[in-house]
1. I'd like to check something: does region 2-16 contain any residue that is acidic (Asp, Glu) and modelled with pLDDT of 85 or more?
Amino acid sequence: MDWPRPELNPASLIRNACLAFGGLLVAIALLWVAMHWLNAPAWASVEGQLVEARVTSDTRTVNTGSSRTGGSGTRQQTYYRADIGYRYRVGGRDYSGSGIGDGEDWNYWSYDSAAAAVARYSGSGITVYYDPADPERSALDTNIFGIVPPIIGGIGLLLLGLGMWLRRRHRETTDIQGPA
């Protein structure tokens, strides 16, 4: 049996690469989120007391690539952080925690974003989530997946959309002109 030969032109290669790579990125993002859910402990909750809630800043020198004069460029970038400290009690024992998520918390690009994060937890009582197997492990928000899965998934969706658009455009031009 003689199979039809696939067309090998730059347009079809780009179209197929967009579809394949976009699908791969979406799959990676979905697997990342699924693995987070599967590996997350069954968090319990308890009411805690806020010890401190403030916005801090950190200025760092960041590389901006090469400058117009031929040297490498740098600039100062200020990052803002929601510094939150809290106490909670589990099984008659006192614990303390810091930050919003379980692990590394985010740096914010603006003071207002960090202040909004702090404001969510300002008040008389806060809910603290903790791992019953290890009550020292705690968080104020257990839904922080990080920024990587949405970025990967977003790029993947854009590539899938581009690939589908290119495919539709190719079919429309093929229908009008007829097969080559």
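1. Checking region 2-16: not a single residue is acidic (Asp, Glu) and modelled with pLDDT of 85 or more.
Residues are listed down the side, and each one gets a yes or a no for (1) surrounded by 11 or more Cβ atoms within 10 Å (Cβ to Cβ); (2) outside the structural domain of residue 114 (by TED's automatic domain parsing); (3) modelled with pLDDT of 90 or more; (4) closer than 14 Å to residue 141 by Cα:
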| residue | (1), (2), (3), (4) |
| --- | --- |
| 49 | yes, no, yes, no |
| 65 | no, no, no, no |
| 68 | no, no, no, no |
| 74 | yes, no, no, no |
| 94 | no, no, yes, no |
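The values are calculated or read from the model by the stated rules, or taken from the named source; none is laboratory data. Quick caveat: nothing in here was measured; it's all calculated off a predicted structure. So basically every Cβ, Gly included, is an ideal-geometry build from the backbone, and we count neighbours across all protein chains shown.
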